[in-house]
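The values are calculated or read from the model by the stated rules, or taken from the named source; none is laboratory data. Note that the structure is predicted; figures quoted are calculated from it, not measured. A quick note on method: Cβ atoms are made from the backbone with ideal geometry, for glycine too, and the neighbour counts reach across all protein chains shown. We work out accessible area using only protein heavy atoms, side chains counted, and drop any ligands, DNA or RNA first. Shrake-Rupley method; radii C 1.70, N 1.55, O 1.52, S 1.80 Å.
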Amino acid sequence: MLLFSAAAALLFCVLGAACLKTERTGDGGPAVSASARPDAKEPAGEEAEPKKIAISFDDGPHPSYTEQLLDGLKKRGVKATFFVTGEHAALHPDIIRRMSREGHLIGNHTYSHIQLNASNREQFKEELLRTNEVISEITGEEVLYVRPPYGSWDKTLEAELNMFPVLWTVDPLDWCSSDAYAIVRKVVREAEENDIILMHDYYDTSVTAALEIVDELQAQGYEFVTVEEILFD
């Protein structure tokens with residue numbers, strides 16, 4: 001059973017500026033379950049713990065933009081999650097190795113950015129397996145997390161592949177905007193504790209916006225963690 005359609009997202013991007021006005025529960029995709037977003041309050045008299053939030057990047061690695069992003073994240077002491085395509089990972093293994101070495105979580109975004117539909121399930125599955133092999137050969141680590149392109153997913157694949165799908169709660173549609181300021185404002189306005197922010201490391205505007213988002217949210221007391229910590233801690 002497919003859980004999500006990309007039609008709404010694509011329509012908004014055709015409309016240009018409208019794509020930055022999408023609300024949290026609009027075409028940005030389904031949110032993680034309430035159980036993954038606890039709103040626990042600190043006991044009176046105790047120092048509040050940092051608010052956790054995750055920033056994730058799809059589609060890379062890009063040969064220059066991803067390196068710029070990694071430089072910025074390292075400078076800020078931030079761990080992120082990268083959902084890479086197999087074809088780009090195979091082209092830039094050194095960047096994948098750097099992601100792993102610097103403590104970022106690496107997930108699967110299919111081999112060619114294929115969208116799952118009713119007629120291509122086996123091809124989709126084969127792309128996931130192929131991408132797992134590419135990443136594992138580079139890092140020596142098992143790949144457990146997948147972000148299905150456009151959010152289209154079949155739950156039966158979880159047991160077949162022993163992989164966990166990861167969607168998002170904040171989507172600024174950075175991939176169809178050249179306005180870094182607008183991207184930053186949308187994310188900062190919507191971000192809450194235990195959110196998963198969806199961005200892309202394949203565009204210079206996105207990298208500029210992502211680092212500004214990190215600066216602003218860190219100033220508000222947020223700690224950036226991998227999606228694994230958001231979903232399972």
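Selection of segment 168-189 for residues being surrounded by fewer than 21 Cβ atoms within 10 Å (Cβ to Cβ) and either among the basic types (Lys, Arg) or assigned to a loop (DSSP other than H, G, I, E, B) (or both) yields SER178, ASP179, ARG185, ARG189. Of all residues in segment 43-99, those that are modelled with pLDDT of 95 or more, assigned to a loop (DSSP other than H, G, I, E, B) and either among the aromatic types (Phe, Trp, Tyr) or farther than 19 Å from HIS113 by Cα (or both) total 5. Checking each residue in segment 67-87 for being under 27 Å from ASN162 (Cβ atoms) and under 16 Å from the mean Cα position of the chain (by Cα) picks out LYS79, ALA80, THR81, PHE82, PHE83, VAL84, THR85, GLY86. Of all the residues in segment 125-160, those that are open to solvent by 70 Å² or more (accessible area, probe 1.4 Å) and acidic (Asp, Glu) number 6.
In the set TYR202, TYR222, TYR150, only one residue is under 19 Å from ILE55 (Cβ atoms) and either touching a helix residue (DSSP H, G or I) at 6+ places or on another chain (Cβ under 8 Å) or of a type in the set (A, V, I, L, M, F, W, C) (or both); that residue is TYR202.
Whether any residue in segment 150-159 is closer than 18 Å to HIS62 by Cα, among the polar types (S, T, N, Q) and assigned to a loop (DSSP other than H, G, I, E, B) is what I want to check.
Residues of segment 150-159 closer than 18 Å to HIS62 by Cα: none.
No: segment 150-159 contains no residue that is closer than 18 Å to HIS62 by Cα, among the polar types (S, T, N, Q) and assigned to a loop (DSSP other than H, G, I, E, B).
Taken over segment 190-233, the residue count meeting the criterion of being over 20 Å from TYR65 (Cα atoms), more than 12 Å from the chain's Cα centre (by Cα), part of a loop (DSSP other than H, G, I, E, B) and not aliphatic (A, V, I, L, M) is 6.
Can you find even one residue in segment 100-112 that is of a type outside the set (Lys, Arg) and in a helix (DSSP H, G or I)? Within segment 100-112, one or more residues are of a type outside the set (Lys, Arg) and in a helix (DSSP H, G or I).
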